Amino acid sequence: MKGLTIEQIIHYQTEGYLIAEDVLTEEDLQPVINELEREIDRRARALYAEGKISDLHEDESFERRFARLYAQCPEIGKGFDINDYLGEAVFRFLANDHLLDVVECLLGSELSCNPIQHLRAKLPWKPGKDDKPDYFQNVPWHQDNAVTSADSEASEIITFWLPLVNATAETGCMEVMPEVSKLGYLKHRSEGGTTIVPEQLPHVQPILAECRKGSIVIMNKYTPHRGTTNTSDIVRWSLDLRYHKLGAPSGRSIHPSFAVRSTKQPEQLLTDVDEWRRLWQEARNRRAEGSLHRV
Ligand SMILES: O=C(O)CCC(=O)C(=O)O
Ligand SMILES: [Fe+2]
């Protein structure tokens, strides 16, 4: 099945979210996982050489190794986001055909990759072990619209959240509020992590959006959602990507958007990873990071 069925599209339009099952194959995801494994290994060796970790855990799986290394030195997670390490496999994945066939069903054939995108390694967390789970890994109730600039008010920016391991109640998945997106933007506050103000948080039974590896949780920019904690002993790796129509404001114009699919202007497509890296480098050189949230 290419893209989404009409029933899935209607579900997304009415509920404000959709769990699209089995969109991505092993072949789609493995290059990204391989790249992350190489990056984890590179970081581990650098920290080992500096004497900051004593055990490389070379034989641990993708699902466990990062947690073992992090426990020895949290610095391993520093600057480990899509736009920081700028890996080629992730860049190629941003234009993955199976993924874009789904995006196209909701946004049409002229597509831009939105620069608000993250790689998350949600670490195992046991209640009582630490005071509070990390905010970036356990985001509270919010709408993604809260982290975009006002010039993108009219842009349809859609979130595609996909795990690289099975995301369950135990490993940590998304919780979403169905239908609430119809209310539009709710007021947020930024203290303690960008979140909907308690007075405006709707009293709606949330859906636990468990999502197997290969499936995707799709949400619109007004869908309230949060991340649940990871109480398992594996790392819940995920990517959250966003797309919008080519030419529409991205909500973060100081960072690079780029064309990933276009029948009208195919010459606009960005396929050169070095150009993508250059665009980010350029943006980084001029950005005033202080005003940005990471949700
Ligand atoms: O991965 C998570 O736990 C939260 C992700 C999120 O808020 C998003 O993808 O917009
Ligand atoms: Fe979000």
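Using protein chains only and a probe of 1.4 angstrom, how many square angstrom of residue 105 are accessible, to the nearest 10?
Surface accessible to solvent at residue 105 totals approximately 50 Å².
Going through the cross-link list 78/187; 187/221; 2/213; 2/245; 122/182, which pairs have a Cα-Cα distance over 23 Å in this structure?
78/187; 122/182
Hey, can you grab everything whose amide H is under 5 Å from the amide H of residue 173? Only 5+ residues off in sequence or another chain; H modelled, so Pro and N-termini drop out.
Answer set, sorted by chain and number: 228.
The chain: Rg/Rh from Cα coordinates, Kirkwood Rh?
Using Cα coordinates only, the ratio equals 0.95.
Treating the beta-carbon of each Lys and Arg as +1 and of each Asp and Glu as -1, no other charges, what is the dipole magnitude of region 1-134 about its Cα centre, to the nearest 20 debye?
It works out to roughly 680 debye.
Translational diffusion coefficient of region 39-180 at 4 °C, 1.567 mPa s, Stokes-Einstein with Kirkwood Rh over Cα pairs, in µm²/s as a whole number.
72
Run the 1.4 Å probe and let me know the accessible area of residue 233, rounded to the nearest 10 Å².
Residue 233 exposes around 100 Å² with every protein chain in place.
What order do 109, 190 take when sorted by accessible area (1.4 Å probe), most exposed first?
190, 109
With θ taken as phi - 60° and the coefficients 6.51, -1.76 and 1.60, list the Karplus ³J(HN,Hα) couplings across region 215-226 in order, rounded to whole Hz; mark glycine and proline as x.
Those phi angles translate into 9, 9, 9, 10, 9, 8, 6, 10, 7, x, 8, 8 Hz.
Using alpha carbon centroids, what distance separates region 28-82 and region 135-204, in Å?
Spelled out, the Cα-based centre of one part sits 28 Å from the other.
Scan region 51-146 for trypsin sites (Lys or Arg not before Pro) in coil per DSSP, keeping those whose Cβ has at most 10 other Cβ atoms within 10 Å, and list them by number.
78, 129
Can you give me the solvent accessible area of residue 225 with a 1.4 Å probe, rounded to the nearest 10 Å²?
10
Top mean-square fluctuation among 263, 231, 223, Gaussian network model of the chain, C-alpha springs under 10 Å?
263
Skipping prolines and chain starts, which residues have an amide H placed within reach, meaning under 5 Å, of the one on residue 167, given they are 5 or more residues away or on another chain?
Correct list: 211, 212, 213.
Label-point separation (nm) for residue 265 and residue 64, each offset 7 Å from Cα along Cα-to-Cβ?
5.0
Write out the trypsin sites (Lys or Arg not before Pro) in region 190-295 meeting two conditions: DSSP loop, and at most 16 other Cβ atoms within 10 Å of their Cβ.
Of the trypsin sites (Lys or Arg not before Pro), the ones in loops of region 190-295 whose Cβ has at most 16 other Cβ atoms within 10 Å are 212, 264, 287, 294.
Using +1 at the C-beta of Lys and Arg and -1 at the C-beta of Asp and Glu, which of 173, 112, 279 has the Cα lying farthest in the positive direction of the dipole of the chain?
279
Roughly how many percent of the accessible protein surface of region 84-171 is carbon and sulfur, given a 1.4 Å probe and a whole-percent answer?
C and S atoms contribute 51 percent here.
Charges at C-beta only: +1 for Lys and Arg, -1 for Asp and Glu. How large is the resulting dipole of the chain about its Cα centre, in Debye rounded to 20?
The calculated dipole for the chain is roughly 760 debye.
Would you please give the residues with an amide H less than 5 Å from that of residue 16, counting only those at least 5 places away or on a separate chain, with H modeled from the backbone geometry?
179
With each pseudo-label sitting 7 Å past Cα toward Cβ, what's the residue 26-residue 49 distance in nm, one decimal?
3.5
The values are calculated or read from the model by the stated rules, or taken from the named source; none is laboratory data. The structure presented is a predicted model; accordingly, all values stated were derived computationally and were not measured. Positions of Cβ are backbone-derived with ideal geometry, glycine not excepted, and every protein chain shown enters the neighbour counts. Only protein heavy atoms, including side chains, enter the accessible area calculation; ligands, DNA and RNA are left aside. Shrake-Rupley method; radii C 1.70, N 1.55, O 1.52, S 1.80 Å.
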